[in-house]
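One structure follows; several queries about it will come next.
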Amino acid sequence: MKKAKGYGRMVTDVVCPFCGTLCDDLEVVVEDNKIKNVRHACRIGSSKFLAMNELKRPNRPMIRKDGSFEEVDMAAAIEECGRILSRSKRPLLYGWSSTGCEAHFVGIELAEELGGVIDSTSSVCHGPSVIAIQDVGYPSATLGDVKNRADLIIYWGANPMHAHPRHLSRYSVFPRGYFRERGQQDRELIVVDVRKTDTAKLANRFVQVRYGEDFELLSALRLVINGKELEADEVAGVSKEDILELADRMKTCQYGTLFFGMGLTQSYGTHRNIDAGISLVRDLNHHTKFSIVAMRGHYNVTGIGEVLTWQTGYPFAVDFSRGYPRYNPGETTANDVLQREEADAALIIASDPVAHFPKKAVEHLARIPMITIGPHMIPTAQLSEVFIPSSISGIEEASTAYRMDTVPLKLRKVIEPPEGIYSDVEILEMILENVRERRVRQMEREKKAGEGR
C-alpha cells in the first residue's frame with residue numbers, strides 16, 4: 001500500500017474478483033473509504049470496483065412477513081435461518097462461485113450437519129468438464145506456463161474478448177514470455193467456434209464448426225493425428241484439407257495450449273466433447289508438448305470444486321442425506337433436485353438461480369422457504385423468506401480464490417464494508433452455530449421424553 005499521486009492511498013497487487021482469470025496486478029486508489037480509481041483492470045473489472053461508490057445496497061437483514069419484507073436485526077435473521085434449515089429434511093445449499101474458499105469450508109460443514117445437498121454453479125456450466133476430467137485425466141498447465149512457452153494458442157468454444165477480457169493480453173497471445181520474447185509475433189492464434197466472434201476476428205486462423213458437431217471435428221483431428229486416413233470430404237462443416245492443415249499445425253508446434261469454454265460443455269455431447277478434447281491433447285503429446293485449460297467463468301468457481309474435493313472427495317453436487325457424501329450428477333445436481341421437487345428448503349449464496357434456472361426449477365424454489373445471502377437485492381432474494389446482506393469478497397473482505405488453472409490467490413481487502421454488514425463466512429458460522437444449538441436442544445428434549453416413559 002502506498003500514497004497515490006494527488007489524492008488518497010493506493011492499494012497494490014489487488015486481485016480482481018470478477019472472472020476466472022483473477023488478474024492480480026490491479027492498483028486501486030482509495031480516499032475516505034471510497035474507490036476513486038482502478039488501474040490495469042478491464043472494463044468489467046473496473047466497473048465492479050467503481051460501482052461500489054454508487055450502489056444502493058440493503059444494509060439490514062430482512063424477513064418476509066405477510067407477503068412483504070420487514071427489516072430485522074441479525075440475531076432475528078439468524079434465528080429464522082436456523083428454524084428453516086433445522087426443520088428441513090432435504091435442504092439445498094447452492095451457489096458458492098463468487099465467494100471465498102473460507103466460506104466454502106463453513107458451507108460444506110453446514111451441509112453435512114443438515115444432511116443436505118450442496119452444489120455450485122459448476123453443475124450448469126463446466127460440470128461436464130469435471131466429469132470428463134474424472135474419466136480421462138487432465139494434461140493441463142498453469143497460465144504462467146502458457147505465457148512463457150506456448151507458440152500455438154487455440155480457443156475452442158470460448159470468446160475471451162467478452163468473457164475474460166484480459167486473458168489474451170496477460171496469459172496467451174500478446175504477453176512476452178521467457179521463451180516467447182516477441183509476444184504475439186512468436187505465437188499463432190486459432191479460434192474454433194460456431195460463429196465469428198470478436199476473438200475469432202483477432203485469430204490467424206478461424207475454423208467455423210457446424211453447431212453441435214464439435215465431437216465429430218475433435219474425433220476427426222484425433223484420427224488424423226494418430227496416422228489414420230480421413231475418408232470424408234468434410235466433417236462438421238470443415239473441409240478435409242482444413243482438418244489436415246490444422247492437425248499438422250498442432251503436431252508441429254513447439255508448445256500448444258487448447259483453451260475451451262462453454263461452447264463445448266453446453267452443446268450436444270457435453271462431457272463427451274471434453275473427453276474428446278482431452279484425448280486429443282493426450283494424443284498430441286506423442287508428437288509435441290500440448291496442454292488443455294478450461295475457461296472457468298466466476299472468479300472462484302474453481303475454488304468451490306477444489307474445496308469440495310478436498311473435504312468430500314467430489315467436486316460438485318454432493319449429497320449428505322445418507323450421513324456420508326454421495327455424488328451422482330443428474331440426480332444430486334441442483335436443477336435435478338429442484339425439478340423433481342425433492343428440496344424442501346434452500347440456502348442460496350453468491351449466485352442468482354431465479355434469474356438463470358429453468359422455469360420448473362424456479363417455480364419450486366418459489367414454493368419452498370429460501371434463504372439468500374449476498375450483497376444485492378437480486379431476483380432470488382426477492383423470492384426469499386430471509387435475505388441477509390453480506391460484504392463483497394475481494395473488495396470489502398480478504399479471502400482466497402482459485403484461478404481457472406487451479407492456482408490459489410489471496411484476495412485483498414480494499415475498503416471497509418458498510419456498518420453492520422458481515423462477511424459470508426461470519427454469517428454462515430452464525431447459522432451453523434444456531435443449527436447445532438437447535439440439534440442439542442432437540443436431543444435433550446428427546447432424552448427427557450425417553451426418561452419420562
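From 362, 386, grab the single residue that is crowded, with 22+ Cβ neighbours inside 10 Å and assigned by TED's automatic domain parsing to the domain that holds residue 103.
When all the criteria are applied, what remains is 386.
Please work out which residue is surrounded by the fewest Cβ atoms within 10 Å (Cβ to Cβ), limiting yourself to the range 283-303 and to residues that are in a loop (DSSP other than H, G, I, E, B) and more than 28 Å from the chain's Cα centre (by Cα).
286
Take the range 123-149 and flag every residue that is of a type in the set (Lys, Arg) and buried (at least 19 other Cβ atoms within 10 Å of the Cβ).
147
Residues to consider are 194, 209; find the one that is at pLDDT 95 or above, outside the structural domain of residue 18 (by TED's automatic domain parsing) and buried (at least 21 other Cβ atoms within 10 Å of the Cβ). I'd like the intermediate steps shown before the answer.
Working: 194 fails: buried (at least 21 other Cβ atoms within 10 Å of the Cβ).
So the residue among 194, 209 that is at pLDDT 95 or above, outside the structural domain of residue 18 (by TED's automatic domain parsing) and buried (at least 21 other Cβ atoms within 10 Å of the Cβ) is 209.
For the range 304-354, give me each residue that is basic (Lys, Arg) and crowded, with 16+ Cβ neighbours inside 10 Å.
Hit for the range 304-354 is 326, nothing else.
Taking only the range 326-345 into account, find how many residues are without any contact (Cβ under 8 Å) to a residue 40 or more places away in the chain and either within 24 Å of residue 385 (Cα to Cα) or not hydroxyl-bearing (Ser, Thr, Tyr) (or both).
8
Yes or no: residue 170 farther than 17 Å from residue 293 by Cα, out of contact with any helix residue (DSSP H, G or I) (no Cβ under 7 Å at 6 or more places or on another chain) and modelled with pLDDT of 95 or more?
Considered against the rule, which asks whether it is farther than 17 Å from residue 293 by Cα, out of contact with any helix residue (DSSP H, G or I) (no Cβ under 7 Å at 6 or more places or on another chain) and modelled with pLDDT of 95 or more, residue 170 comes out as no.
When you scan the range 315-329, do you find a residue that is within 15 Å of the chain's Cα centre (by Cα) and under 23 Å from residue 431 (Cβ atoms), even just one? Break it down stepwise before answering.
Filtering the range 315-329 down to residues within 15 Å of the chain's Cα centre (by Cα) leaves 315-317.
Still in the list and also under 23 Å from residue 431 (Cβ atoms): 316-317.
Yes: the range 315-329 contains one or more residues that are within 15 Å of the chain's Cα centre (by Cα) and under 23 Å from residue 431 (Cβ atoms).
Here is a further query. Mind counting the residues in the range 139-148 that are in contact with a strand residue (DSSP E or B) (Cβ under 7 Å, 6 or more places away or on another chain) and assigned to a loop (DSSP other than H, G, I, E, B)?
Of the residues in that region, 3 qualify.
What is the residue count in the range 66-102 for residues that are over 24 Å from residue 336 (Cβ atoms), within 25 Å of the chain's Cα centre (by Cα) and buried (at least 24 other Cβ atoms within 10 Å of the Cβ)? Working first, answer last.
Within the range 66-102, the first condition is being over 24 Å from residue 336 (Cβ atoms), and the residues that meet it are 66-83, 86, 100-102.
Pick out the ones that are also within 25 Å of the chain's Cα centre (by Cα) and you get 100-102.
The next check asks that each one be buried (at least 24 other Cβ atoms within 10 Å of the Cβ); those that pass are 100.
So the count comes out to 1.
Taking the range 43-65 only, how many residues are farther than 28 Å from residue 370 by Cβ, crowded, with 19+ Cβ neighbours inside 10 Å and touching a residue at least 24 places away in the same chain (Cβ under 8 Å)?
2
Name the pairs: first residue in the range 290-311 and among the basic types (Lys, Arg), second residue at pLDDT 95 or above, Cβ to Cβ under 7 Å, at least 6 apart or on different chains?
Close Cβ pairs (under 7 Å, with a partner that is at pLDDT 95 or above) amount to 296/20; 296/126; 296/302; 296/404.
Of the residues 230, 246, 217, only one is closer than 23 Å to residue 287 by Cα and surrounded by fewer than 21 Cβ atoms within 10 Å (Cβ to Cβ); which?
Criteria check complete, one pass: 230.
The values are calculated or read from the model by the stated rules, or taken from the named source; none is laboratory data. Note that the structure is predicted; figures quoted are calculated from it, not measured. Using ideal geometry, Cβ is built from the backbone for each residue, glycine included, and neighbour counts are taken over all protein chains shown.
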